[in-house]
Number of protein chains: 4
Amino acid sequence: MRAARLHQYDPEFRGPDYLSLDEVPEPTIREADDVIVRIDGAGLCRTDLHIIEGIWRGKVSVELPYTLGHENAGFVEEIGPGVRGFRPGDPVIVHPLITDGVCPACRRGNDMHCENSRFPGLNCDGGFAEYLLTKERNLVRLPDGLQPRAVAPHADAGLTAYHAAKRAARVLEPGAWAVLIGFGGLGHIAFQVLRNLSPARIIVVDRSELALSLARELGAEHVVQAGPETVAEVRRLTGGKGAEAVLDFVGEGGAIEQGLAMTRRAGTYFVIGYGGTVQVPAIDLIAEEKSIVGNLVGTYADLLELMTLAGEGKVRLAVAYYPLEQINQAIRDLHEGKVKGRAVLVP
Amino acid sequence: MRAARLHQYDPEFRGPDYLSLDEVPEPTIREADDVIVRIDGAGLCRTDLHIIEGIWRGKVSVELPYTLGHENAGFVEEIGPGVRGFRPGDPVIVHPLITDGVCPACRRGNDMHCENSRFPGLNCDGGFAEYLLTKERNLVRLPDGLQPRAVAPHADAGLTAYHAAKRAARVLEPGAWAVLIGFGGLGHIAFQVLRNLSPARIIVVDRSELALSLARELGAEHVVQAGPETVAEVRRLTGGKGAEAVLDFVGEGGAIEQGLAMTRRAGTYFVIGYGGTVQVPAIDLIAEEKSIVGNLVGTYADLLELMTLAGEGKVRLAVAYYPLEQINQAIRDLHEGKVKGRAVLVP
Amino acid sequence: MRAARLHQYDPEFRGPDYLSLDEVPEPTIREADDVIVRIDGAGLCRTDLHIIEGIWRGKVSVELPYTLGHENAGFVEEIGPGVRGFRPGDPVIVHPLITDGVCPACRRGNDMHCENSRFPGLNCDGGFAEYLLTKERNLVRLPDGLQPRAVAPHADAGLTAYHAAKRAARVLEPGAWAVLIGFGGLGHIAFQVLRNLSPARIIVVDRSELALSLARELGAEHVVQAGPETVAEVRRLTGGKGAEAVLDFVGEGGAIEQGLAMTRRAGTYFVIGYGGTVQVPAIDLIAEEKSIVGNLVGTYADLLELMTLAGEGKVRLAVAYYPLEQINQAIRDLHEGKVKGRAVLVP
Amino acid sequence: MRAARLHQYDPEFRGPDYLSLDEVPEPTIREADDVIVRIDGAGLCRTDLHIIEGIWRGKVSVELPYTLGHENAGFVEEIGPGVRGFRPGDPVIVHPLITDGVCPACRRGNDMHCENSRFPGLNCDGGFAEYLLTKERNLVRLPDGLQPRAVAPHADAGLTAYHAAKRAARVLEPGAWAVLIGFGGLGHIAFQVLRNLSPARIIVVDRSELALSLARELGAEHVVQAGPETVAEVRRLTGGKGAEAVLDFVGEGGAIEQGLAMTRRAGTYFVIGYGGTVQVPAIDLIAEEKSIVGNLVGTYADLLELMTLAGEGKVRLAVAYYPLEQINQAIRDLHEGKVKGRAVLVP
């Protein structure tokens, strides 16, 4: 089968090509709970660019070449002898983390903290290919009416946004304010999730006028262009108090400082984007009793819930399709900010 | 009446005297819910030293001279016409924050986030005196067998420790680990509270051998002397994973970095002590999904619960009494680390 | 002033008149936190009919004659010397329960469990009059654009519905089902609250075709006419499993049995309406681990939140106005099921 | 191997023998995650008596003869090819419910609500035998120092008690009261769990003086002999208000009525024992806002936590050993109330 593989890191992202389309053997069922998924679409994520640059090199152990792609959806092609919940042909989205199901974290439903996990597309072969090897535990059957390729980015981008928004919803009573910093791939999903899970008043902050106009189209009532006046503007909108929840999908370039500054007394700053450093005197956290909450990708149950919302038409995703052959074009477009919505590779 | 008042700030803490014992008019009932408490004992707190140094000068608005003392307990002396729950002679401990009872925070039970509050001993006259003016809302009647002066430090030190420990208890299942950094006035109360509110395994960290031996006396099974090996030692005790909850009562001098480093994946670092700065790359909070939670003094209900535990003999306090006349000696002793337990001024 | 007072119980509800319009002295400020509200509108509630019938006779202690009316809204007329948060002319809705603010329940925010409470209109003079005596603690300032008389029924009917719906929302993840039994005054508010506070799929059950068509108008996707097939129909809609939350606003005539039968494994049956008896073998509760949760009127904070939603146009109320002089006509209309929406008396 | 099997139901429990000791083939590994456990001890439960009487006949589908025994502990004997977490020789206790690990309930950690489960000893072969076939997902490794046979009853009796006590602990602040009705096999574990997980004041109610003296030995401060004055006595101890949590391990013969009557305003009645019927007017649940919560066996994580407490010496169990050959004697003894503690069969 054809697979887009990384043969060498490109620290300066020179290109022009980043992955090569190789002919590789199809994966085969080896364990009872193995499943092979025929990829219908695989989302391209900024993390893929970071992998190519070698940023993850020291953090994960993987040998080149290997296949990238961790936002995968498609149809069940073949199942191991122990699989009972799925049959060939079932349309599915694939939770990105392969978990053991037996460690305490898994047993409590917090499977994204599994003690024995793998992350295909990051530390083993992923979904920029015709077929993907995964496990029954990773599959969520798609509700009627959802095409796998149209929801593929939910496998990671959507799931992370959902996870953070759901946690934030728990602290948002009617009348409370939530700020979303960054209205890109994750932010625009978090916005829709928050509107379904909470009655909060939402303020969208983004540097880009295009992003803000998308926010308005999706129904945002309060949008603020990021700049030196952002905190003051959020304070003004919130009666001088700041927001009960701030969700920061940027996490660098001043967003963290601003995010903390616009969090109100007893409020929570959720950090999802990264790159920068949280730096705050302990006295400031204490005097106003603020919390800072790190957010990872969501659990399997989170993905189940997100797919339910997607199936009900409550969370929509903007995608741009590329044939798998054009993977390098897609990477260049993403790098240059030319992709409208989320890029999805179609084998 | 006699009151120990601050006439001028002493930024370098030269002394020899810090407060002067003045003869001042007794407070009088002015509003329906006013209460005058005859002070039986008033705890001396490190915050009092900071006030004398002028550290709080820019943060609160108060005119000199005024009476310090925010850990107050005694007997009801006189009540306003609207007070129905207390009568002269009732033994009481005084919640340190005067709150309005009608703002949304108060109405939800989070009165320490009251929008219209005063803090006697910090921004108006406190309890280093014979009498204190407070409100019915601030009083907790003492259970039988508790002498006001013996529990006075619970009004602030104990209340803050209780508040943090109670929040930590919510994330501590059987088998989970909690680390207490700093086993002084607050830490030794938090330890006792945690043992009553959770089944966690507790590790006590302190620089002082004296503090650690007190911890052992109180039943601590795991004590670690603070030093360069602290994090490694905590990791060793916790099977390499770190603790689900870290309560940092120091908050400076390396404690914050160590505290975060010994917090396990999906764990929470509670910061109570202050002085230092929290500084952590966003990626680190995200990759392990850690939370950082600032902690303030507790609510009225927290004080009620702490007094219940104290009345049941489940939380004990070590106190050293000083006559009010020896306030400056007490301050010097505290400054020089010579007080065993918590200093309490007795008028 | 004019007030509609009950002079004698009418166990068989013969009428023709139930309350008499008397000329009584206006209330006066007696305590520091007293407030006199000029009534703009007072909702008529089925409980008023039960009071007239004498059903509450044994449960509350009150001497005839007295003024009914516990769903009150209007404008602040006069304030006691201790009132700081409101001024004459402020538009307000009145929480129905006068609470002491100092008992443990009040201090924890559960003021509807206050240990020293009064309920004007039930055990002392209520709001079917020109003026009502209440307390600062009972007032919620209305958001801009809300007329007191248009929201008066929220003071009790809306508040109870909100309280139950908010509790139910906590157990409703995306994909979960909620059933509302009874789509009258409370049910139609609960429906709107639930849609704002949770992503649940909602099934509306009512006997009346009129009620079901109102449900459809408000956007209900699943409506079921109450009858012998109700449980089967709910099971069918929910894939055979029943609903995670059932909110029963009827509480008699078979609704309880049906409500429990349509509650799924590990689900919760919220009982709000009354008249009937919960009767279920312990083994059935255990084998499916169901919960049964009684629901009272909401807290002050609940009313604050509901008014926020109302001010944002997210919860609408259908009301029919009657001049206070026509109180007996309003009572007859309510008794005969002729009121469209909720009757509100306007002095 | 030898196994104690049920050949025919005995509705009147005539005996003299109930199970017969048959020679049956040893179980064999069939699926990748299968595990065979060599039974070290298997608890005898009152449910076994009910099975013999045929009470469960209509509720579960099983063909006679089959082997009873659902409280199993022992040593891993053999593992399937997919088992990675255990090795032959490991000492284990066996969660009683075999679950699929992939349904939504399992994925959220609520595995006792698994949609595809089996319960060995109830609807397939159990542990009154030399070997038991189970799954990797069912095993909890025993902490050092625990002998399997000494903890076997925790697999069901202990787990159910733990589950209910843990849920109750969440509503028990310092100063709150919990009542345990029934201080037998489950009750005496719940007592120890509650003391470790909450600061509640505990009242033990039992008909038997022997049970009450055991309660006193275990440190119970408040014991009440069940009788017509029980409710009055509980109300007296609780200042007239009743208990925040009532855990009813009896569930018949008046316990339910008494349990509900001693539950305070806003309190929760947990029903664990069964046989009787919950019968209460809706108005009573509403007026005091009480909850009734059914309780089943605990989750896998619950068992993990209970074993942690047991390993730390915080929960002790009284057991009486019988050789497997004396199974019928053990059954007779249990039926006649002659077993001290919990009977455990040793093959």
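The values are calculated or read from the model by the stated rules, or taken from the named source; none is laboratory data. Keep in mind that this is a model prediction, so the values were computed, not measured. Cβ coordinates were reconstructed from backbone atoms using ideal geometry, including for glycine residues, and neighbour counts include every protein chain displayed.
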Is it the case, given these coordinates, that B:R38 is assigned to a strand (DSSP E or B) and within 21 Å of B:P96 (Cα to Cα)? yes
Being of a type in the set (A, V, I, L, M) and either assigned to a strand (DSSP E or B) or modelled with pLDDT under 95 (or both) is the filter; apply it to region B:189-211 and report the residue that is surrounded by the fewest Cβ atoms within 10 Å (Cβ to Cβ). B:L210
Of all residues making up region D:90-127, the number that are closer than 13 Å to D:L139 by Cα and more than 19 Å from the chain's Cα centre (by Cα): 2
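For every residue, the table says whether it meets (1) over 22 Å from A:K135 (Cβ atoms); (2) touching a helix residue (DSSP H, G or I) at 6+ places or on another chain (Cβ under 7 Å); (3) among the hydroxyl-bearing types (S, T, Y).
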site: A:G15; (1), (2), (3): yes, yes, no
site: A:E23; (1), (2), (3): yes, no, no
site: A:G43; (1), (2), (3): no, yes, no
site: A:I55; (1), (2), (3): yes, no, no
site: A:Y66; (1), (2), (3): no, no, yes
site: A:A73; (1), (2), (3): no, yes, no
site: A:V76; (1), (2), (3): no, no, no
Could you grab me the full set of residues in region D:95-113 that are over 9 Å from A:G109 (Cβ atoms), more than 7 Å from chain A (Cβ to nearest Cβ) and assigned to a helix (DSSP H, G or I)? D:A105, D:D111, D:M112, D:H113
For region A:237-249, pairs from a residue that is over 18 Å from A:E288 (Cα atoms) and of a type in the set (F, W, Y) to a residue that is assigned to a strand (DSSP E or B) and modelled with pLDDT of 95 or more, with Cβ under 8 Å and 6 or more apart or across chains, are A:F249/A:L180; A:F249/A:I181
Any residue that is part of a loop (DSSP other than H, G, I, E, B), closer than 29 Å to D:A287 by Cβ and in contact (Cβ under 8 Å) with a residue 40 or more places away in the chain - is there at least one of those in region C:324-338? no
Return only the number of the condition from (1) within 23 Å of A:Y300 (Cα to Cα); (2) surrounded by 17 or more Cβ atoms within 10 Å (Cβ to Cβ) that D:E115 does not satisfy. (2)
Based on what the data block shows, is A:G74 touching a Lys or Arg at 6+ places or on another chain (Cβ under 6 Å), modelled with pLDDT of 95 or more and closer than 30 Å to B:R264 by Cα? no
Every residue in region B:174-197 that is farther than 19 Å from B:G311 by Cα and in contact with a helix residue (DSSP H, G or I) (Cβ under 8 Å, 6 or more places away or on another chain), please. B:P174, B:G175, B:W177, B:A178, B:V179, B:L180, B:I181, B:G182, B:F183, B:G184, B:G187
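A quick yes/no check of all residues on (1) in a strand (DSSP E or B); (2) touching a residue at least 40 places away in the same chain (Cβ under 8 Å); (3) surrounded by fewer than 21 Cβ atoms within 10 Å (Cβ to Cβ):
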{"residue": "C:D144", "(1), (2), (3)": "no, yes, yes"}
{"residue": "C:A150", "(1), (2), (3)": "no, yes, yes"}
{"residue": "C:P153", "(1), (2), (3)": "no, yes, no"}
{"residue": "C:H163", "(1), (2), (3)": "no, yes, no"}
{"residue": "C:V179", "(1), (2), (3)": "yes, yes, no"}
{"residue": "C:G187", "(1), (2), (3)": "no, yes, no"}
Collect the residues in region A:174-207 that are closer than 23 Å to A:G43 by Cα and in contact with a Ser or Thr (Cβ under 7 Å, 6 or more places away or on another chain), keeping them in residue-number order. A:L186
Which residues, counting only those in region A:86-112, are surrounded by fewer than 22 Cβ atoms within 10 Å (Cβ to Cβ), of a type in the set (D, E, K, R) and closer than 20 Å to A:M307 by Cα? A:R87, A:D90
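Rundown of residues vs (1) of a type in the set (D, E); (2) under 27 Å from B:G85 (Cβ atoms); (3) in the same structural domain as B:A320 (by TED's automatic domain parsing); (4) without any contact (Cβ under 8 Å) to a residue 60 or more places away in the chain, yes/no style:
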position: B:Y9; (1), (2), (3), (4): no, no, yes, yes
position: B:S20; (1), (2), (3), (4): no, no, yes, yes
position: B:I39; (1), (2), (3), (4): no, yes, yes, no
position: B:G54; (1), (2), (3), (4): no, no, yes, yes
position: B:E63; (1), (2), (3), (4): yes, no, yes, yes
If you go through A:L180, A:L214, A:L218, A:L210, the only one that is of a type outside the set (V, I, T) and in contact with a Leu (Cβ under 9 Å, 6 or more places away or on another chain) is A:L180
Looking at the structure I just gave you, is D:G267 crowded, with 21+ Cβ neighbours inside 10 Å and either at pLDDT below 95 or not hydrophobic (A, V, I, L, M, F, W, C) (or both)? yes
At least 1 residues that are within 7 Å of chain D (Cβ to nearest Cβ) and over 21 Å from C:F191 (Cβ atoms) in each: list the helices (runs of 4 or more DSSP H) lying fully within region C:239-317 that qualify. C:282-287
Can you tell me which residue among A:E288, A:E336 is surrounded by fewer than 17 Cβ atoms within 10 Å (Cβ to Cβ) and charged (D, E, K, R)? A:E336
Within region B:77-94, identify whether any single residue is farther than 23 Å from B:A157 by Cβ and of a type in the set (V, I, T), and answer yes or no. yes
Restrict the check to region B:132-140 and report whether at least one residue is over 27 Å from B:R46 (Cβ atoms) and either in contact (Cβ under 8 Å) with a residue 40 or more places away in the chain or buried (at least 24 other Cβ atoms within 10 Å of the Cβ) (or both). yes
Consider B:E305 against the criteria (1) within 30 Å of A:V280 (Cα to Cα); (2) surrounded by 23 or more Cβ atoms within 10 Å (Cβ to Cβ); (3) charged (D, E, K, R): it satisfies all of them except one. Which criterion is unmet? (1)
By residue number, the members of region D:314-338 that are over 18 Å from the mean Cα position of the chain (by Cα) and closer than 22 Å to D:G145 by Cα are D:Y322
Please determine, by comparing only the residues of region A:114-136 that are among the hydrophobic types (A, V, I, L, M, F, W, C) and touching a strand residue (DSSP E or B) at 6+ places or on another chain (Cβ under 8 Å), which one is nearest to the other protein chains (Cβ to nearest Cβ). A:F119
Scan region B:230-238 and give yes if some residue there is hydroxyl-bearing (S, T, Y), outside any loop (DSSP other than H, G, I, E, B), within 14 Å of B:L180 (Cα to Cα) and away from chain A (no Cβ under 14 Å), otherwise no. yes
Could you count how many residues in region A:1-20 are in contact with a strand residue (DSSP E or B) (Cβ under 9 Å, 6 or more places away or on another chain) and farther than 11 Å from A:Y66 by Cα? 3
Does C:V83 satisfy being in contact with a helix residue (DSSP H, G or I) (Cβ under 7 Å, 6 or more places away or on another chain), part of a loop (DSSP other than H, G, I, E, B) and crowded, with 18+ Cβ neighbours inside 10 Å? yes
